[in-house]
Amino acid sequence: ACLDAIETLRPNTEPLISSQGFLDDAIAAAQQGNYSKALQDLNWLLKLDPHNVEALVQRSFAHAQCHNSDAAIKDIAKAMQLAGPAPKIQLKRGEIYLLLGHIDSAIADFSALIDNKTSDPAQLYYLRGQALQDIHNLEQAFKDFSQALAKQPNNADYHQARGQTSEEKGHLEESLIDYRQAQRLYLTQGTLTAPQHLHPSIHNVEAQLRTLKQQQERIISVPIKSFNSGTPVVEVRFNDGCPFDMVLDTGASKTFLTQTMGRLLNITPIEMGRFSMADGRIVESPIGIVNSIALGSARVERLRVGISPTGNEGLLGQNFFGRYDIQILQNTNELHPRHPKSE
């Protein structure tokens with residue numbers, strides 16, 4: 001009776017094959033990415049055998065690939081009901097949840113299988129790592145990919161996944177190590193297309209590392225000699241020689257010298273100016289010009305400075321370091337050059 005049904009449902013030009021043959025064809029079509037063909041064969045097969053668990057699982061997966069969420073969940077639920085507590089089907093359900101973006105449900109399935117120790121732990125850690133990566137839980141995703149690699153250290157997919165996580169975390173050197181290892185393993189194992197797909201990732205990380213190195217080389221590090229009310233005091237050199245301790249005052253718009261500093265540097269006032277101070281005061285003071293001021297390797301020439309009538313300490317202000325972002329560390333100040341557009 002079943003063969004008669006097949007003859008009536010299938011075109012006469014197609015050869016007669018078994019239900020298993022149709023299932024194998026559907027699986028092959030899905031593996032090739034032809035999910036519409038897979039669904040066509042599975043729909044036909046499930047009309048004849050609606051309780052075929054494997055066909056339900058495969059159709060659920062094909063629906064998930066086509067983003068048919070409701071149909072995918074309905075099929076996998078029916079398969080679970082028919083098969084009972086089957087780790088293989090629960091694993092597939094986790095993968096289907098992952099495809100559909102039901103991340104919490106996917107993580108729950110993978111975690112339960114890890115706890116039960118009934119399936120390949122490396123694959124489970126890898127799949128759960130992917131789910132965690134999707135919700136940007138990068139620390140735990142990195143740990144899961146590392147667990148997978150501890151069990152299968154020569155798995156190229158696992159290295160690539162951990163490399164992606166490290167890149168997202170900003171750990172570029174670690175990322176590059178994993179990407180290159182994945183590339184070597186793909187080539188060794190004869191997978192020729194995957195290494196080509198990795199080229200852009202590797203080149204991108206290499207470019208980021210070059211940029212980071214260039215930025216680090218431009219950072220100027222200056223020792224902090226002491227603190228004045230929590231504000232760092234640094235040594236500043238004037239006119240390529242004379243050193244003075246000054247407060248690095250990010251709130252001052254101009255650089256101010258004490259009267260003693262002005263006399264020692266032979267500053268001749270050229271005009272009077274009014275200035276807003278960090279504490280809100282408006283002060284009037286003479287203005288002169290210094291030939292050069294240097295803080296570490298940061299140097300400005302012909303800088304206009306105020307001569308404070310009452311101040312006891314010099315203030316290094318924005319007209320000197322306005323081209324830098326200042327980062328105050330425990331023992332040093334770091335001057336980070338700004339991009340020209342941010343000046």
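Quick notes on this one:
For (1) over 15 Å from Gly94 (Cβ atoms); (2) in a helix (DSSP H, G or I); (3) among the acidic types (Asp, Glu), each residue gets a yes or a no:
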{"residue": "Ile107", "(1), (2), (3)": "no, yes, no"}
{"residue": "Gln123", "(1), (2), (3)": "no, yes, no"}
{"residue": "Ala131", "(1), (2), (3)": "no, yes, no"}
{"residue": "Phe142", "(1), (2), (3)": "yes, yes, no"}
{"residue": "Ala148", "(1), (2), (3)": "no, yes, no"}
{"residue": "Ala161", "(1), (2), (3)": "yes, yes, no"}
{"residue": "Glu173", "(1), (2), (3)": "yes, yes, yes"}
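- Filtering segment 232-255 to residues that are charged (D, E, K, R) and in contact with a Phe, Trp or Tyr (Cβ under 7 Å, 6 or more places away or on another chain) leaves only Lys254.
- Among the residues of segment 58-79, those identified as in a loop (DSSP other than H, G, I, E, B) and either over 13 Å from Lys37 (Cα atoms) or charged (D, E, K, R) (or both) are His67, Asn68.
- Subset of segment 328-339 (residues that are modelled with pLDDT under 80 and open to solvent by 100 Å² or more (accessible area, probe 1.4 Å)): His339
- Boolean, Gly94 is open to solvent by 20 Å² or more (accessible area, probe 1.4 Å) and of a type outside the set (Ser, Thr, Tyr): no
- So His102, is it modelled with pLDDT under 95, open to solvent by 30 Å² or more (accessible area, probe 1.4 Å), under 28 Å from the mean Cα position of the chain (by Cα) and not polar (S, T, N, Q): no
- First in segment 257-276 and surrounded by 11 or more Cβ atoms within 10 Å (Cβ to Cβ) and at pLDDT 90 or above, second anywhere and assigned to a helix (DSSP H, G or I) and of a type in the set (A, V, I, L, M), Cβ under 7 Å, 6 or more apart: none
- Criterion (open to solvent by 30 Å² or more (accessible area, probe 1.4 Å) and of a type in the set (Ser, Thr, Tyr)) met by exactly one of Thr165, Thr191: Thr191
- Considering segment 1-22, the residues that are closer than 24 Å to Lys78 by Cα and either modelled with pLDDT of 90 or more or small (Gly, Ala, Ser) (or both) include one that is surrounded by the most Cβ atoms within 10 Å (Cβ to Cβ), namely Ser19.
- Among residues of segment 70-85 that are among the polar types (S, T, N, Q), none has a beta-carbon under 6 Å from a residue that is part of a helix (DSSP H, G or I) and at pLDDT below 95 at least six positions away or on a different chain.
- The condition of being assigned to a loop (DSSP other than H, G, I, E, B) and more than 30 Å from Gln216 (Cβ to Cβ) holds for Gly280.
Residues checked against (1) of a type outside the set (Lys, Arg); (2) in a strand (DSSP E or B):
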| residue | (1), (2) |
| --- | --- |
| Glu284 | yes, yes |
| Gly288 | yes, yes |
| Ser292 | yes, yes |
| Arg302 | no, yes |
| Gly311 | yes, no |
| Glu334 | yes, yes |
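The values are calculated or read from the model by the stated rules, or taken from the named source; none is laboratory data. As the structure is a computational prediction, the values presented were derived from the model and not from experiment. When we count neighbours, we look across all protein chains shown, and the Cβ atoms used for this are built from the backbone with ideal geometry, even at glycine. The accessibility values were calculated without ligands, DNA or RNA, using every heavy atom of the protein model including side chains. Shrake-Rupley method; radii C 1.70, N 1.55, O 1.52, S 1.80 Å.
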